[in-house]
Amino acid sequence: MTFRRDLELAADWVDRYLARVAGLPVAAGVEPGHVRRSLPATAPAKGEPFDAILRDLDELVVPGLTHWNHPRFFAWFANTGSEPGILAELLTAALNVNAMTWLASPAATELELVTVDWLRQLLGLPDGLHGHIEDTASTATIAALAAARELRPGGAVYASEEANFSVEKAARLVGLEYRAVPTDDAFRMRTDFPLDDATAVVATVGTTGPTSVDHVPELARRCEDAGVWLHVDAAYAGCAAVCPELRWCLDGCDRADSIVVNPHKWLFTPLDCSTLWTRRPDALRAAFAVSRDYLASMSDAVDLKDYGPALGRRFRALKLWLVLRMYGADGLQALIREHVRLAQAFASWVETEPGWEVVAPHPFSTVCFRHSARDSFDLAAQATGTGELFVAATRLRGRDTIRLAIGNGRTTEEDVRRAWEVLKQCAQ
């Protein structure tokens, strides 16, 4: 009965952690090397009981964590390890299947295909797309650019100067030159750059800094005319399209060659779960399909290893399946609408407070703002140092800026108001 007892201890620990995380300091207040010095230099010679390990988790590990599951984690793009996702991760580990081929785990493959198609429909994307799950948008972008290279090798990859840096990394990894395109007054990629030497264009729906939405319809038209692959990075803001009134953000994406959306960013699914769709799956197969006798394919079956870089594949679809089923479309829409409402409320507080300003449009759940008399990086670090919230700073056209990104399913208006009070106190 040891496993059953330990399972109950783990369940109790998780339940207590989720109940108390809002009272913990959001960011870890430790110096580099602190956690490492507190741990033994070698593994134990004999096994230890689980309750002793849980004690060390509480005393040694948790104080050194930045708590992404905290309702006042507002840095980068907040996410949620939701209850359905946590349960699914337990089940995934217990099943321990490898969904590399259909034969390796038929149900894992087919559940992934069905679940990703459910999400496609919720986002309003067109029928007929191939969809599967990668670990992150970084890997999905590598896959998309590798497919583009199969059709038009040796060219350049164009993306907004506000695009996530993972796009540049992906271009380097597949041996393509990267070129950043200037943005307009709303931080959207300009569309008048030449495409003569382009292999691919990466448009962004919800850029990492100001969450701007590039002119996807015009970029799609130009790419179609030039025979250039268009990949859309909708990792963050694409999730908003589960709400019909926010589906405008994916306008033109039906004409893209590939698009990535991360349920682990704003659809309450724990890391890692990134959905990639393409209307040109043959190009992905040309880039990645390799087989050996020991991995023989079944006729009329899909082997998901043939559509991305990885051979071994976790059963990631299970947690997305549980999230979609246990929240339902109505539950997902309600949370995203509330996050958008909270962001707009926060922006209104900033705009009416002397000495503060909003510095970029804020159509989703992220607000970029600054204090006229304080350096944003210093102010963000000072506010984060209180332990009450976590915000990050960036630069937009050379101006230092704080970003407050709402995305945790447990965040309330009280959490956002408290963050604003702390920021104002620190600014004084």
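The values are calculated or read from the model by the stated rules, or taken from the named source; none is laboratory data. Just so it is clear, the structure is predicted and the values come from calculations on it, not from any experiment. FYI the Cβ positions are ideal-geometry reconstructions off the backbone, even for glycines, and counts take in every protein chain you see. What goes into the accessible areas is simple: the full protein's heavy atoms, side chains included, and nothing from ligands, DNA or RNA. Shrake-Rupley method; radii C 1.70, N 1.55, O 1.52, S 1.80 Å.
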Would you mind stating whether residue 263 is touching a residue at least 60 places away in the same chain (Cβ under 8 Å) and more than 25 Å from residue 151 (Cα to Cα)?
yes
Quick count over the range 403-425, residues being without any contact (Cβ under 8 Å) to a residue 40 or more places away in the chain and either open to solvent by less than 10 Å² (accessible area, probe 1.4 Å) or of a type in the set (A, V, I, L, M) (or both), is 1
Restricting attention to the range 287-325, which residues are in a loop (DSSP other than H, G, I, E, B) and closer than 25 Å to residue 270 by Cα?
303, 308, 309, 310, 311, 312, 313, 314, 315, 316
Within the range 341-402, strands (runs of 3 or more DSSP E) holding 3 or more residues that are open to solvent by 60 Å² or more (accessible area, probe 1.4 Å) and under 15 Å from residue 78 (Cβ atoms)
none
Scan (1) open to solvent by 20 Å² or more (accessible area, probe 1.4 Å); (2) out of contact with any strand residue (DSSP E or B) (no Cβ under 8 Å at 6 or more places or on another chain) for the single condition residue 101 breaks and write down its number.
(1)
From 178, 236, grab the single residue that is free of Cβ contacts under 8 Å to residues at least 24 places away in the same chain, at negative phi and touching a helix residue (DSSP H, G or I) at 6+ places or on another chain (Cβ under 6 Å).
178
Only listed residue being of a type outside the set (A, V, I, L, M, F, W, C), loosely packed, with under 10 Cβ neighbours inside 10 Å and within 19 Å of residue 387 (Cα to Cα), chosen from 23, 33, 29, 64:
23
By residue number, the members of the range 185-207 that are in contact (Cβ under 8 Å) with a residue 60 or more places away in the chain and among the β-branched types (Val, Ile, Thr) are 202
With respect to the numbered conditions (1) under 16 Å from residue 263 (Cβ atoms); (2) in contact (Cβ under 8 Å) with a residue 60 or more places away in the chain; (3) open to solvent by 30 Å² or more (accessible area, probe 1.4 Å), which one is the sole condition not fulfilled by residue 121?
(2)
Checklist (1) of a type outside the set (S, T, N, Q); (2) farther than 22 Å from residue 135 by Cα; (3) at pLDDT below 95; (4) open to solvent by less than 40 Å² (accessible area, probe 1.4 Å) applied to residue 298, failing item
(4)
For residues that are of a type in the set (Asp, Glu) and under 18 Å from the mean Cα position of the chain (by Cα), scanning just the range 155-170, find the one that is surrounded by the fewest Cβ atoms within 10 Å (Cβ to Cβ).
168
Looking at the range 286-312, I want the residues that are free of Cβ contacts under 8 Å to residues at least 40 places away in the same chain and have a partner that is open to solvent by 50 Å² or more (accessible area, probe 1.4 Å) with Cβ atoms under 7 Å, at least 6 apart or on another chain. Which pairs are those?
291/297; 306/285
Only one of (1) under 24 Å from residue 360 (Cα atoms); (2) surrounded by 24 or more Cβ atoms within 10 Å (Cβ to Cβ); (3) in contact with an Asp or Glu (Cβ under 9 Å, 6 or more places away or on another chain) fails for residue 187. Which number is that?
(2)
Taking the range 315-347, which residues are touching a strand residue (DSSP E or B) at 6+ places or on another chain (Cβ under 9 Å) and not aliphatic (A, V, I, L, M)?
316, 344, 346
Please determine, by comparing only the residues of the range 316-340 that are touching a residue at least 12 places away in the same chain (Cβ under 8 Å) and closer than 24 Å to residue 421 by Cα, which one is most open to solvent (accessible area, probe 1.4 Å).
337
